[in-house]
Amino acid sequence: MNHNILTTHVDTSSETGLRTEEMLLNVGPQHPSTHGVFRLVVKIDGETIKEAIPVMGYLHRGTEKLAENLTYTQIIPYTDRMDYVSAMTNNYVLCHAVETMMGLEIPERAQFLRLIAMELNRVASHLVWWGTYLLDIGAMGPFLYAFRDRETILDLFNELCGARMTFNYMRVGGVKWDAPPGWIDKAKEFVQYMKKELNNYHQLVTGNEIFINRLRGIGKFDTKTALDYSLSGVMLRSTGVKWDLRKDEPYCIYDRFEFDVPTATEGDCMARYHLRMAEIEQSLRILEQALEQFPSEGEVMGKVPRVIRPPAGEAYVRIESPRGEIGCYIASQGKDKPWRLKFRRPSFTNLQILPKLLQGENLANMVAILGSIDIVLGEVDC
Amino acid sequence: MSDEKRKPTPEEKAAAAAEARAKAEALRKLREQEAQVSQEASPVEASQEPQEKASAPEAKPVSEMTPEEKAAAKKAAAAEAIAKAKAAKEAKEAAEAEAPVAEQQSEAVATSAKPVSEMTPEEKAAAKKAAAAEALAKAKAAKEAKEAAENGANSASDADAKAKAAAAAKAKAAAAAAAKAKAAREAGGDESGDDDAKAKAAAAAKAKAAAAAAAKAKAAQATGDETPAEEAPKAPSKNQPYLDKYVSRISEAFGQEVIEASYINELSKEVPTLTIQNERWHQVAQFLRDDEQLSFEYLSDLHGVDYEDRLEVYYHFYSYKNRQSLAVKVKTSREESKVASVMDLWHGANWNERETFDLLGIHFPGHKDLRRILLPDDWVGYPLRKDYVQYDEEV
Amino acid sequence: MNTLLQQAPSWGTTLWFIIAAVLLLAVVLGFVTYAIYFERKVIGWMQLRIGPNRVGPLGLLQTVADVAKLLLKEDVRPQHADKALFTLAPILAYAPAFAVLAVMPFSESIQFADLGIGLLYYIALSGITVLGVITAGWASNNKYSLIGGLRSAAQMISYEVPLVMSVVGIVLLTGSMNLEDIVKAQQDVWNIVPQFIGFAVFIIAAQAELNRTPFDLPEAESELVGGYHVEYSGFRFAMFMLAEYVYMFGMGALITILFLGGWLPIHPSLDFIPGIVWFILKFSLYVFLQFWIRATMPRLRVDQLMSFAWKVLLPVALFNILLTAVVVSYQNGMF
C-alpha cells in the first residue's frame, strides 16, 4: 500500500463554513527534541494532530547482518552503539545469551562488577532522560545539573574500562578489567552524593505547577493497550503492572539485593516521570548494597575456552534495560560466529504506541509524549 | 592475504584439487566419528579444531590458491595426528573417572538444587567438585569414543561396531554435558530424559546426520541410569508439564498435525518451543491468546531467521497470568515466503513484522501496512538473507 | 528638558532634541548589549556554568562580537517569501518598542514628551508589535513560522487585556494618565503596596507580552525551532532580538514608574542619591527577576496560556479595579 500522505488534502469547510486545510508538518529528522535522527510526519488541523507517521531508519547500521561475520567477542563493541546511553546493559544481554547457551559459570567478583556497572549506567541513563525531557518542556537548568552528575558516573566508568560511552567492558564469562584500587570507595561516595542531589531535583522540578500542568493527564493509556502493544519497562509499569525482569526473571545476582519495583496506575506522562525518578532511587539502593558486599578478591573472568562456540541451537534471553526489556536471540550452528543474531530493542517496540497516543493531541503535547517514551535512536534503528 | 591476487596455473590447480579432495575424504570419515563424540562435550578445542580444518579444504577445492591449498592439506593431516594423540590421552584420563560418574552427577545435581545465591561456601565447593568430576567423565567418554574410532579406522569393515561405539560414546557425552549444564545453571532441568536427549540429538543431527538414529536409541538406554533431581526455580516450576499442556490444548482444538515439533529448548532457559504449521498459524495464534489456560497476551519478540533451506519466523510469547514463556516457530519456504500476520491479535507485532519483511523478505498477509521500515523505500533486496547481493555496491 | 520643550522650535532646539534622542538611543543600545551579556552570565551561574568570559575582559565584549557577526552576515531571504513583508516585519517589531520610550520620565528632568495620556500612548503603541510578529510568521513562507506567528499573536493580544486592566487601578488612585503625575503621586507610598494585586497581574502579563519564559512558546526552540523568526538571519534577526530587549527596557521602565515609585527614593532621607540612580536600581531589579525566571521555569502550553489569561488574570484584574474604585470612592466621601 503506497501510503503517500503528501498529496492528500482534506477539506473541512463543511463544519465551520470556512475553508480550512490540513497541514503536513515534518518534525525532524533534525530537530532538537526528537532524541536523535527521527522523523515524524504529522498531519495537523490547526493545533490538533490528526495523524502521526513515524519514519525511522536514519541510523540503521546493519548490526545484525554484520554480526554474522564476527565472533561473539567482536560483536560486543557493536552492542555498545545500539543504546549508546546505557551501553552496559547491551553488553550484558549479549554476554548473557552466549553464557546461557554454553552454560558457563561467572565468578563472583565479575558478577558484582557487572551489576554495579549496569546500575550505575541505569542512573546515568535516567539522568540523561530527566535533563533532556525538561529541556524539551522548556526548563534549561536541570539539563546542566543532570549532566554534571552524569559526568561523575562517566569518570567512574572511564577509570573502570577506559571509555566514557562505548564501554566494551563485558566479555563472555566475565568482565575485561578489574576495578582499580579505590574505585569502589569513589563509587560509594557518588551514591551518597546522588541521594542528596535527588532531593534537590525533586524540590526544583517535581512540585512546579507549570510542570505538573504540562504532564498530568497527557499521553494516557491503560494496561490492556500496553500489553497489546508489547510495551515494557516504565511504559508498562506506569499502568499498574508490577513487572521488572530483575525481580521476576532474575539474572546476574539481582536476587541477592533488596529493592522495590515502583509502579503507578495513571498511565500518563506524569506517572512515568515519577517512576523514573523512583527508579533512580532504587538503583542507588541496589548500588549501596552491592558496593557493601563487594568481594575483596576474586577472578574477573571465568573459565572460558579460547574460541567461544555455543552449541548448535537457539536461545532468546531478555533483561531489564533502563528503557524496557532488551532481548537477544542467537541462532548458532556450533561455530564461533552466530548464524543469526537478533536484538529485541525496547525503544523500537515502545515507539509503536506513538501514533496512537498522538492522535487527536495538541502539537505542544507531542514533545512531552515523545520524551516520556524515552527512546534512543541507536536502539530504534539498530 | 596478497596471495589472493596471484592466479594459479590450471595444472597446479587440478593437481592440488585432486590431492585435497582425496585427503578430505579420508579426513571426513574420521572427523564424523570424532565430531559426534566430542560435539556435545564441553568445547575442547583440540577435538574441534580438526573438525573445522577438515571442512576448509573440502569446501574450497579450486578457489584457494596453490600454496595455500597444499599448506592447508598438510595442516589438516598434521592436526589429525595431533588430535588422535590428544584424544588418546584424554580417553585414558576419562577411563579412570567413569565409575563414580553416576553418583557424582546425582550428587552434583542435588547440591545445585539451591540457587547460587543461597549456596554456602561448602555447597559451592561441592558443586565445583561435581563439575570437575563431570569434566573427567566427559573426557573419559571421549576417550572411549576415540578408541572405538581408532578401532573402526583400522578395521574399516567393522562399520556397525564403529557406529555403535560412536553412538554410545556420544550418548554418554550428551548425558554428561546435560548434567553439567544443569549443575552450572540455577534453573532446574526437566524430568524426562527422553525429551532432553531428543532435543540435543535434534540439534546435533542438523549438522551430522550419520548416526543420529542409533544415537537416539543409545541415549534412551544411557540416560535411563540418571534421573536428575527435580528442581524448583523461582517462577512456576517444571516446564515439561507446561509443554505437555500446550501440546494437548492445541491438539484438542486443532488436531495433532498442527504441531510440527515440540520440545524444551535446553539452551534457552528451558523455554517450551513449538513449531506450528504455517497454514493454520493465525488460528493457533488466536487460540494462544484467547484460551484461558494459555492466555499469552504479551508478544515479546518476533523476527525471522534464514536457514538456507527455509525461512523461519520466531515468536516469543509471555503470559502474565500464568507467568510462563512460550517460543513458537513457523516455517516457510524461501521462494514463496508467507506467514500469516498476527498484527490484529497483538499490535506490538506491527513494526516487528515490517522489520522482518524489510530485512528478510517474508510477507505477512493480513498486515495492514507492510512496507519497509528501516531501509529506504526504494531498496532492492533483503539484506539478512544469506544470498543477498549488495544493493549499494558503489557506496 | 521641559524648558526645551516649551521653547519655540528653532534650529538650536531641534538640534538639541536630535542629540538627546541619539543619546537615549545610545543608552538603550548600551543597555541591550549588557542586558544580553548579563542574561547569559546570570543564567550560566544558575546552571553552574560561567557564561561568556573570553571575548574582551570578563567577556564584556561578547555581545559586541555577536552583533558584529550578525551585521556582517549574508542577507538570506527564502525564495518564496513575500519580499516587502519580509523586510517590513522586523521594522514593525522594533519601531514601536523604541517609540514608547518617548513618554517615560526617567527622572525629574529627563523626559521627552510629557503627554497627558502617557500610559494610553504606551499601551497603544505596544500593540503594533503584534503586527510585526504576524507579518514575520506569514512572510517567511514556512509552516513553523506561521504556527509560531499565530501563537504569538494570540498570546500577545490575549495578555494585553489583563495588562491594561491592571493599571486602571493606578489611574483611579492617581486620577491621571500622565506618567509624571503617577510618579509624583507615589511620594508617600509606592503603588506596589496598595495595588499589589494589580502588580501581580501586571508582572505576569508583562512576561507574556515580552514573549519570555514561561510564556515563550512562540519561540520555543525545542518545539518549533525558533517560531516566527526562524527564517531570519543576519541583520534582520538582530532587529528582532533588539526589539525584544528594547521592549524589555520599556516594560521595565514602565513597571518602575507605575509601581515602584519611579525616581523616588525609598525613604525621603535618602534623597541625596540622585533620582536617576534610584530609577536604575529598581529597573535592574526587575530585569534580574526576568533572568531568574528564565533560568528556572518550564514553559506553558499554548492552550494553558490562553485559558490562564482569560479565566484567571482578567477576572483578577477586574476585581482589582472594583476594589480600588470602592476604596477611592470611600476616601472621597461617597459613602
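A few comments on the model shown:
- No other residue among C:THR14, C:THR33 is hydroxyl-bearing (Ser, Thr, Tyr) and farther than 20 Å from C:GLY250 by Cβ apart from C:THR14.
- Of residues in region A:300-316 being more than 7 Å from chain B (Cβ to nearest Cβ) and touching a Ser or Thr at 6+ places or on another chain (Cβ under 7 Å), the one surrounded by the most Cβ atoms within 10 Å (Cβ to Cβ): A:PRO310
- Filter result (closer than 28 Å to A:THR225 by Cα, within 10 Å of another protein chain (Cβ to nearest Cβ) and under 28 Å from the mean Cα position of the chain (by Cα)) within region B:355-388: B:GLU355, B:THR356, B:ASP358, B:LEU359
- Within region A:82-109, being within 25 Å of A:ARG309 (Cβ to Cβ), outside any helix (DSSP H, G or I) and touching a Gly at 6+ places or on another chain (Cβ under 9 Å) holds for A:MET82, A:LEU104, A:GLU105, A:ILE106, A:PRO107.
- Residue that is nearest to B:LEU274 (Cα to Cα), among those in region B:319-341 that are assigned to a loop (DSSP other than H, G, I, E, B) and within 11 Å of chain A (Cβ to nearest Cβ): B:ARG323
- Residue among A:GLU279, A:GLU258, A:GLU266 that is more than 14 Å from chain B (Cβ to nearest Cβ), among the acidic types (Asp, Glu) and assigned to a loop (DSSP other than H, G, I, E, B): A:GLU266
- Taken over region C:80-90, the criterion of being loosely packed, with under 14 Cβ neighbours inside 10 Å and either without any contact (Cβ under 8 Å) to a residue 12 or more places away in the chain or within 28 Å of the chain's Cα centre (by Cα) (or both) is satisfied by C:LYS83, C:ALA84.
- Residues that are small (Gly, Ala, Ser) and farther than 25 Å from C:LEU281 by Cβ, drawn from region C:23-65: C:GLY56, C:ALA65
- Residue check for C:ILE192: β-branched (Val, Ile, Thr), surrounded by fewer than 22 Cβ atoms within 10 Å (Cβ to Cβ) and within 18 Å of C:LEU305 (Cα to Cα): no
- Lone qualifier among B:GLN293, B:GLN390, B:GLN286 - being in a helix (DSSP H, G or I), surrounded by fewer than 19 Cβ atoms within 10 Å (Cβ to Cβ) and of a type in the set (S, T, N, Q): B:GLN286
- Flag for B:HIS316 being more than 24 Å from the chain's Cα centre (by Cα), surrounded by 15 or more Cβ atoms within 10 Å (Cβ to Cβ) and at the interface with another protein chain (Cβ under 8 Å from one of its Cβ atoms): no
- Matching residues in region C:237-284 - criterion: being within 16 Å of C:ASN191 (Cβ to Cβ) and β-branched (Val, Ile, Thr): C:ILE255, C:THR256, C:ILE257, C:ILE266
- Subset of region A:263-287 (residues that are without any contact (Cβ under 8 Å) to a residue 60 or more places away in the chain and under 21 Å from A:LYS224 (Cβ atoms)): A:THR263, A:ALA264, A:THR265, A:GLU266, A:GLY267, A:ASP268, A:MET270, A:ALA271, A:LEU275
- In the set C:PHE38, C:PHE106, C:PHE98, only one residue is under 23 Å from the mean Cα position of the chain (by Cα), modelled with pLDDT of 90 or more and either crowded, with 17+ Cβ neighbours inside 10 Å or under 26 Å from C:PHE288 (Cα atoms) (or both); that residue is C:PHE38.
- Pair list, Cβ under 7 Å, 6 or more apart: region A:244-255 residue under 24 Å from A:PRO295 (Cα atoms), other residue of a type in the set (Lys, Arg): A:PRO250/B:LYS234; A:CYS252/A:ARG114; A:TYR254/A:ARG246
- Taken over region C:64-105, residues that are among the β-branched types (Val, Ile, Thr) and within 30 Å of C:GLY261 (Cβ to Cβ) amount to 2.
- When A:TYR133 is tested against (1) closer than 30 Å to B:LYS386 by Cα; (2) within 12 Å of another protein chain (Cβ to nearest Cβ), exactly one condition is not met: (1).
- Looking at region C:224-335, the helices (runs of 4 or more DSSP H) lying wholly inside it that each contain 2 or more residues that are within 14 Å of another protein chain (Cβ to nearest Cβ), under 30 Å from C:VAL67 (Cβ atoms) and in contact (Cβ under 8 Å) with a residue 24 or more places away in the chain sit at C:275-296.
- Count of residues meeting criterion [of a type in the set (S, T, N, Q) and outside any loop (DSSP other than H, G, I, E, B)] in region B:269-283: 3
- Of all the residues in region A:4-31, those that are assigned to a loop (DSSP other than H, G, I, E, B), over 22 Å from B:ASP369 (Cβ atoms) and modelled with pLDDT of 70 or more number 2.
- Residue match in region C:141-149 (condition: in contact (Cβ under 8 Å) with a residue 12 or more places away in the chain and over 27 Å from C:THR87 (Cα atoms)): no
- Contact map, region C:91-119: residues that are free of Cβ contacts under 8 Å to residues at least 40 places away in the same chain and of a type in the set (A, V, I, L, M) paired with residues that are outside any loop (DSSP other than H, G, I, E, B) and buried (at least 18 other Cβ atoms within 10 Å of the Cβ), Cβ distance under 6 Å, separation 6+ or inter-chain. Pairs shown: C:ALA99/C:LEU125.
The values are calculated or read from the model by the stated rules, or taken from the named source; none is laboratory data. None of these values were measured; they are calculated from a predicted model. For neighbour counting, all protein chains shown are included, and Cβ atoms are generated from backbone atoms with ideal geometry for every residue, glycine included.
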